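Student: Shown below is the structure under consideration.
The values are calculated or read from the model by the stated rules, or taken from the named source; none is laboratory data. Since the model is a prediction, treat every value here as computed from it, not as a measurement. Every residue, glycine as well, gets a Cβ built from its backbone with ideal geometry; the counts of neighbours run over all protein chains shown.
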Amino acid sequence: MNHSRIFLICCLWVGALSAAQAQGKLKGVALDSVTRQPLAFASVFLANTTLGVTTTEQGQFEFPKVPAGTYDVVGSYVGYRLAKQSVTVGPTNPEIKLYLAPTGNQLDEVVVKPAPNKPEEYEKFARLFVGGTTFSEQCRISNPDQVRVLYDDSTKELTVRAKEFVQIDNEALGYRLKYYGLDFNFDEESGSISYYGQPVFEEMKPRDEKQRRQWAANRATAYRGSFMHFLRSLYTNRMQAEGFMAQQVRVVYHPQYERAQELRRTLIENKPDGPFTAAEEDSLSRWDAMAPVSATLNPAPLPIDSVRRISADGRRTYLRFTGELQVAYFGEAPDPRYKKPMSPLGYSRTPYPAKRQVSRLKLRGRQAEIQANGSLMNPLDAYNGEYWGFERIGEFLPVDYVPPTSAGAAPASSAPPARASSK
């Protein structure tokens, strides 16, 4: 199974969390790391949010209302390297000092321009990064000249970096996204994609009230069934009520696969031009059909306590399970551009509703902490695949997005029963 690294950080669920969620004030100063002088009119933002400000002439900045949680505070200034500091927002917060390092005197340096991107490699990156959903079709990278794409023939890896940031205009959701510090990797052999950075969202101005309503509806659609939505449902103990069902996946690795491939190579090397006997043809067919791994699905839905763990003091919530999960969402049909079959591993013994989105989930370690605001403390602690792997920048929502009250929960009639037979 191919996995995409999960990098989306999730946000508040409007019903259960917003009332209880504390807010704090965050303020600080942006400074030159060498001279310790303040940097006037620098850009400071909280990664994965729509929260961004400009420093004063004294280099000071302030975010008056920030929901409690852990954020990357990022500073950007022309002629300086990006600065980042992780901070946990609570009732009281110390003043932040962001030190930005100058890039040096460009007049004294020999500037070597990198070779231009190969069109086919850039197009592959853009397609993989933005995604192939209906909303992705309305996304555009507006500064392609800032992107550097490199393909390694020996490792079959595509890596992408940006000089400062990659800007994506999402006309489907009404966001202008600046993705600072992009670190994108695509492994051609395994099909896995990973990307990480410090994105900031800017609300685009709608042409009219009709477009404003359409953007609101599209954002709610992007939210429903997303990994963001799933994490909130775990944190608020509403997994089933929100229309999700998790099932255990059992993956078996076949040691005989390598031996079969070795026998296949030997046979072909000994008879490079054939012809093969009927027995040899039969052996080749069986070896070609053999898969290195197989996966089976336990049809019984997992209770929420098999998917998450609460610390003894009740202050921390963790995404925790063994092996891999198949996660089904029953509140919305998949994007029509998704061509893979849903639930390739099988179904619950109770028939699934017609509308469903089915994804795969795996942890990097034993567990991943979910913050009070519904995000993963470390977004790289989990991997996803299938439908969640299909949804990328086209459905990317900021951490401070709050859906309408009716956007999250699936209709009661579409949710599966709490238990199904596991015979």
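Student: Across region 122-140, what is the total count of residues that are without any contact (Cβ under 8 Å) to a residue 40 or more places away in the chain and in a strand (DSSP E or B)?
Tutor: Summing the residues that are without any contact (Cβ under 8 Å) to a residue 40 or more places away in the chain and in a strand (DSSP E or B) in region 122-140 gives 1.
Student: For region 64-105, enumerate the residues that are of a type in the set (Gly, Ala, Ser), part of a loop (DSSP other than H, G, I, E, B) and either within 28 Å of ARG316 (Cβ to Cβ) or under 26 Å from the mean Cα position of the chain (by Cα) (or both).
Tutor: Hits for region 64-105 are ALA68, GLY90.
Student: Examine region 150-169 for a residue that is closer than 23 Å to TYR338 by Cβ and exposed (fewer than 13 other Cβ atoms within 10 Å of the Cβ), and state whether such a residue exists.
Tutor: Within region 150-169, none of the residues are closer than 23 Å to TYR338 by Cβ and exposed (fewer than 13 other Cβ atoms within 10 Å of the Cβ).
Student: Here's another thing I want to ask about it. Which residue, of ARG232, ARG250, ARG213, is at pLDDT 95 or above and not hydroxyl-bearing (Ser, Thr, Tyr)?
Tutor: ARG213
Student: Please report, ordered by residue number, the helices (runs of 4 or more DSSP H) entirely within region 193-279 with at least 3 residues that are hydrophobic (A, V, I, L, M, F, W, C) and under 30 Å from ASN298 (Cβ atoms).
Tutor: 227-235
Student: Residues in region 50-76 that are touching a Pro at 6+ places or on another chain (Cβ under 9 Å), closer than 18 Å to THR35 by Cβ and crowded, with 21+ Cβ neighbours inside 10 Å: how many?
Tutor: Number of matching residues: 2.
Student: Something else: Being assigned to a strand (DSSP E or B), among the charged types (D, E, K, R) and either over 20 Å from the mean Cα position of the chain (by Cα) or at positive phi (or both) is the filter here; which residues of region 141-165 pass it?
Tutor: Once the filter is applied, which keeps residues that are assigned to a strand (DSSP E or B), among the charged types (D, E, K, R) and either over 20 Å from the mean Cα position of the chain (by Cα) or at positive phi (or both), region 141-165 yields ARG148, ASP152.
Here is a yes/no grid of residues against (1) within 16 Å of PHE135 (Cβ to Cβ); (2) surrounded by fewer than 21 Cβ atoms within 10 Å (Cβ to Cβ):
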site: ARG176; (1), (2): yes, yes
site: TYR179; (1), (2): no, no
site: GLY191; (1), (2): no, yes
site: ARG212; (1), (2): no, yes
site: TRP215; (1), (2): yes, yes
site: MET228; (1), (2): yes, no
site: LEU231; (1), (2): no, no
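Student: Also: Residues in region 373-384 that are surrounded by 20 or more Cβ atoms within 10 Å (Cβ to Cβ) and either touching a strand residue (DSSP E or B) at 6+ places or on another chain (Cβ under 8 Å) or over 17 Å from SER233 (Cα atoms) (or both): how many?
Tutor: 6
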